[in-house]
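Participant: Could you have a look at this structure, given as structure tokens, before my questions?
The values are calculated or read from the model by the stated rules, or taken from the named source; none is laboratory data. Remember, predicted model here, so these are calculated numbers, not experimental data. Cβ: placed from backbone, ideal geometry, glycine included. Neighbour counts: every protein chain shown. Each accessible area value is taken on the protein alone, full model and side chains, heavy atoms only, with ligands, DNA and RNA left out. Shrake-Rupley method; radii C 1.70, N 1.55, O 1.52, S 1.80 Å.
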Amino acid sequence: MTRSSSYRNWIATALAHAFLADAAQAGGRSAEALHARAVQCMGEDAPWLRALAASIATEFSRRRDAHTVPTLSAWLCELPQLDDAFDPEREHPRVRRLLLRPARMVRAPCALEGLRLPRWDTPADLAAWLGVPLERLEWLVGRAQDFRETQAGRTRSAHYHPLLKAKRSGGLRLIEIPKPALKQVQQKLLSGLLDAIPTHESVHGFVRGRSAISHAREHAGRAVVIAFDLRDFFNSIGVARVRALWRTLGYAEGVAEALARLTTTRTPLAVRERLVEAGGIDFMAAKRLASRHLPQGAPTSPALANLCAFGLDLRLDGLAWRFGAHYSRYADDIVFSGPRELAARSRNLQAWVEAIVRAEGFTLHPGKTRRMRAHHRQQVTGVVVNERPNVARDAYDRLRARLHSCAASGCDAETWMQLQGQVGWACQLVAASRAEKLQRMLAAVPVRR
């Protein structure tokens with residue numbers, strides 16, 4: 001028997017079921033309990049079972065609640081203790097009994113234990129919480145769409161509207177907007193679950209109480225500011241990482257799979273081809289879009305992206321501490337700032353950032369790294385941070401000119417709403433006298449009905 005044989009995998013899968021059965025009960029992970037369940041599974045107390053159970057007990061103590069049946073089965077297949085079961089001088093092992101237990105949610109790890117997360121043991125529990133029939137949930141999960149890319153699937157998605165928007169730098173940007181039925185489910189998952197899970201303290205994008213301004217404020221008045229940009233931030237996060245996040249929160253395998261599929265999608269072939277033609281993406285980016293990924297445009301994607309990037313933020317924050325710098329992230333915008341000495345070490349810092357970003361499954365945009373010293377304009381997410389957060393002078397002048405033009409000729413309701421947003425943004429940053437002037441100019445703009 002080889003390690004990759006289907007029979008060996010079958011034995012490992014049956015034993016994985018046995019080892020995980022009752023593992024959450026008191027004493028269920030001890031070597032004695034694991035050995036007893038293995039004996040029940042195999043129908044005999046073979047000599048190799050005790051050594052195998054001891055190895056599993058050590059693994060469970062080291063990685064509590066980390067394994068599912070597939071992962072534990074794959075791990076068992078690689079154990080040398082399982083080789084003894086296929087000794088040519090002995091009869092090959094046979095499974096006598098499958099030990100199966102109902103799926104159940106386990107406790108979340110470490111600091112997440114205190115969170116009051118909804119309890120879903122099975123997809124039926126999830127469907128009931130969402131207020132949809134189980135058949136409707138199965139349709140939204142879209143499992144059948146992944147078997148092959150049908151002719152219809154080449155041009156459209158069952159649950160998303162693709163929107164292509166022109167980038168200032170050239171090419172097209174893909175926004176995948178969920179259709180109403182799926183969007184309603186995702187909004188409920190966001191408000192009823194994801195909003196309760198804390199993100200890393202250095203994250204300012206899509207977090208209640210933080211913003212692009214709070215992100216910029218972290219770097220105001222620093223001698224050196226170094227900014228990096230993550231390439232295809234949302235699309236770089238695949239379904240495996242999203243599924244692992246749901247598993248980390250304690251959800252059973254079936255529920256984690258359903259949640260992962262509810263919050264990810266595949267981009268139709270025709271859309272991928274259009275993006276490649278426009279020069280917006282390369283071959284590798286198109287390949288990522290062909291697999292399930294976080295869609296930019298879904299209400300759940302920002303929160304899930306922040307949680308999936310927790311390891312990235314943790315490591316980059318530690319790196320900043322080693323360099324005597326400050327670190328924060330707003331979506332795909334990564335910024336470090338510090339004293340003048342940081343400029344001399346910026347190449348070293350960049351090498352470390354590139355290595356960490358790559359190790360965490362992301363990619364830096366090669367043309368968007370910026371090193372800004374205090375005697376030049378330092379700008380973070382559109383905010384000037386040389387002394388304090390402020391609006392760039394040219395941006396302020398353009399806004400005043402637009403308000404003056406609209407005051408003379410009027411504007412429609414949509415344009416007025418845009419102006420209101422721009423004035424509201426600027427008023428958070430400029431001096432009080434300038435803020436009052438902008439508000440007076442906005443009030444003088446007539447709106448055409």
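Participant: Considering the range 271-324 alone, what residues qualify as being more than 24 Å from HIS161 (Cβ to Cβ) and without any contact (Cβ under 8 Å) to a residue 40 or more places away in the chain?
Facilitator: ASP282, PHE283, MET284, GLY318, LEU319, ALA320, TRP321, ARG322, PHE323, GLY324
Participant: I'd like to check something: does the range 375-384 contain any residue that is in contact (Cβ under 8 Å) with a residue 24 or more places away in the chain and over 22 Å from GLY205 (Cα atoms)?
Facilitator: Within the range 375-384, none of the residues are in contact (Cβ under 8 Å) with a residue 24 or more places away in the chain and over 22 Å from GLY205 (Cα atoms).
Participant: Would a scan of the range 14-33 turn up a residue that is open to solvent by 20 Å² or more (accessible area, probe 1.4 Å) and of a type in the set (Lys, Arg)?
Facilitator: The answer is yes, given that some residue of the range 14-33 is open to solvent by 20 Å² or more (accessible area, probe 1.4 Å) and of a type in the set (Lys, Arg).
Participant: If you don't mind, another one. TRP246 versus (1) free of Cβ contacts under 8 Å to residues at least 24 places away in the same chain; (2) open to solvent by 20 Å² or more (accessible area, probe 1.4 Å); (3) of a type in the set (A, V, I, L, M, F, W, C): which is the lone unmet condition?
Facilitator: Every listed condition holds for TRP246 apart from (2).
Participant: Out of all the residues in the range 251-279, which are open to solvent by 20 Å² or more (accessible area, probe 1.4 Å) and not charged (D, E, K, R)?
Facilitator: GLY254, LEU269, ALA270, VAL276, ALA278, GLY279
Participant: Sticking with this one: Pick from the range 23-69 the residues that are among the hydroxyl-bearing types (Ser, Thr, Tyr) and more than 15 Å from ARG101 (Cα to Cα): which of them is nearest to the chain's Cα centre (by Cα)?
Facilitator: SER61
Participant: Which residues, counting only those in the range 340-372, are open to solvent by 90 Å² or more (accessible area, probe 1.4 Å) and in contact with a Gly (Cβ under 8 Å, 6 or more places away or on another chain)?
Facilitator: The answer is GLU341, and nothing else.
Participant: May I pose another question? Check the range 83-95 and report whether any residue there is open to solvent by 40 Å² or more (accessible area, probe 1.4 Å) and either closer than 30 Å to LYS183 by Cα or aliphatic (A, V, I, L, M) (or both).
Facilitator: no
Participant: When HIS375 is evaluated against the numbered criteria (1) part of a helix (DSSP H, G or I); (2) within 28 Å of SER169 (Cα to Cα); (3) open to solvent by 40 Å² or more (accessible area, probe 1.4 Å), which criterion, by number, is the only one it fails?
Facilitator: That leaves (1) as the condition not met.
Participant: Determine whether the range 112-122 contains at least one residue that is surrounded by 12 or more Cβ atoms within 10 Å (Cβ to Cβ), among the aromatic types (Phe, Trp, Tyr), touching a residue at least 60 places away in the same chain (Cβ under 8 Å) and more than 30 Å from THR263 (Cβ to Cβ).
Facilitator: The answer is no, given that none of the residues of the range 112-122 is surrounded by 12 or more Cβ atoms within 10 Å (Cβ to Cβ), among the aromatic types (Phe, Trp, Tyr), touching a residue at least 60 places away in the same chain (Cβ under 8 Å) and more than 30 Å from THR263 (Cβ to Cβ).
Participant: Within the set of pairs 6+ apart or on separate chains, which have a first residue in the range 339-366 that is farther than 12 Å from ARG315 by Cβ, a second that is outside any loop (DSSP other than H, G, I, E, B) and open to solvent by 40 Å² or more (accessible area, probe 1.4 Å), and C-beta atoms under 6 Å apart?
Facilitator: SER346/ARG371; LEU364/GLU354
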